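Worksheet: one structure, shown below.
The values are calculated or read from the model by the stated rules, or taken from the named source; none is laboratory data. Fair warning: this is a prediction, and the values are worked out from it, not measured in the lab. Neighbour counts are summed over all protein chains in view; Cβ atoms, including those assigned to glycine, are modelled from backbone coordinates with ideal geometry. Calculation scope for accessible area: heavy atoms of the full protein, side chains included, ligands and nucleic acids excluded. Shrake-Rupley method; radii C 1.70, N 1.55, O 1.52, S 1.80 Å.
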Amino acid sequence: TCGVLFALLIRPIWLLLGLLVVAERFAVSTLELRLPRRRLKHRVLLIGGSGASPALVGLGPTSQAVGVIKVDELPEDIEGMEHWLRGGVDTLLVSADVPPEHFGRLTDFALTHGCRLLCAPRASELDGLDAKRVWLGGNPYSELTSPSLRASQLFVKRVVDIFGGGLLLCVFAPLLAILALAVKLDSPGPVFFRQRRAAYRGGFFELLKLRSMRADAETVLRADPEMYARYLENDFKLPENEDPRITPLGRTLRKTSLDELPQLINVVRGDMSLVGPRPGVEPELEMYRGRIPTVLSMKPGITGPWQISGRSNIGFPERAQMDLDYVRNWSLLRDGWILLLTLPAVVLRRGAH
């Protein structure tokens, strides 16, 4: 009976989604026909050697060349490329003679900022990206995109997050209130620890945790150069027995993972998902070089493959590979399996520091 009722309820939703997709495609096709041709042109910036200029001509009448950047003129960081967008550039065409170390940085920039990324076929082999063959002006190119879920998959995942996160938040609300009071009584400072973490499709959000450290933890860390160096070498963590910032109650909260409970608020708000890649701090993004668009193509999760496999016992590059594998092989069944394995991982305290 429940199955029949569920089927009756879900069919109108799928029908509505289908109609919206058809309407969107019709609207786009109509605009393409009615708008002046010159306004539909892609503004292309070519990245490559001195012999790359003729390739712009081969893109056809729908593209307009706005400039050429030689390899030796490339900035050393992504931020240095920001000025490219001021000219209305929406496409980067990367020639085959760009070295791999520059190619990874270019893909990070293009895909994180929503630019179309085209390249010569032999330059498209980059771990974590999907390559699609396209023909422009009679010439073959590879269009690189980061893996992403279909609209229907995003819809299902968000519904699970809202109902699952909301239900868990209601269940754990009394415990969360007790723990919040305990944190307040244990040491001076706010109840919640707030930290900028990398968000879906770029940008940042404020991740919530129960505070497990002293209120001046960041000041204490940076005041000791030797301790800060160990922190960086240890994947942005300190060994538990060497970290003077953790409060007595905080050690218990961390070992039991109870400090993570406020992240259910992030899930309900839409910042996070119940299951997803680990939400990285800003400096950690440098360690995902060449994979930033892939990792950020899905919302970060409270739990994920890293959390059920050992957490703090696993560092880079293994952690990055786990996140990459999760994004590329996502399924709702796999999310359910990870959620089931999270409970024993928490109870057994595997890698909880």
Check: Only one residue in Val268, Val327, Val275, Val295 is at pLDDT below 90, of a type in the set (Val, Ile, Thr), out of contact with any Phe, Trp or Tyr (no Cβ under 8 Å at 6 or more places or on another chain) and over 25 Å from Asp216 (Cα atoms). Which one?
Finding: Val327
Notebook entry, point to check: Which of (1) out of contact with any Pro (no Cβ under 6 Å at 6 or more places or on another chain); (2) over 25 Å from Gly189 (Cα atoms) does Tyr326 not meet, given it meets every other one?
Noted result: (1)
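Among the residues of segment 216-228, write down those that are assigned to a helix (DSSP H, G or I) and open to solvent by 40 Å² or more (accessible area, probe 1.4 Å). Give the steps one after another, and end with the answer.
So the first thing to find is which residues in segment 216-228 are assigned to a helix (DSSP H, G or I), and the list is 217-223, 225-228.
Listed by number, the residues that qualify are Glu218, Thr219, Arg222, Ala223, Pro225, Glu226, Tyr228.
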Notebook entry, point to check: Which of (1) touching a Leu at 6+ places or on another chain (Cβ under 9 Å); (2) within 17 Å of Ser257 (Cβ to Cβ); (3) surrounded by fewer than 17 Cβ atoms within 10 Å (Cβ to Cβ) is the odd one out, the single condition Ser212 does not satisfy?
Noted result: (3)
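For segment 232-245, give me the residue count where each residue is open to solvent by less than 40 Å² (accessible area, probe 1.4 Å) and on the phi < 0 side of the Ramachandran plot. Can you show your working first?
From segment 232-245, those open to solvent by less than 40 Å² (accessible area, probe 1.4 Å) are 235-236, 238, 243, 245; that's our starting set.
Now restrict to residues that are on the phi < 0 side of the Ramachandran plot: 238, 243, 245.
The total comes to 3.
Name every residue in segment 333-353 that is at pLDDT 85 or above and among the hydrophobic types (A, V, I, L, M, F, W, C), in order of residue number.
Leu333, Trp337, Ile338, Leu339, Leu340, Leu341, Leu343, listed by residue number.
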Item checked: Scan of segment 244-270 for residues that are in contact with a strand residue (DSSP E or B) (Cβ under 8 Å, 6 or more places away or on another chain) and either over 16 Å from Phe192 (Cα atoms) or among the β-branched types (Val, Ile, Thr) (or both), ordered by number -> Ile246, Thr247, Ile265, Val267
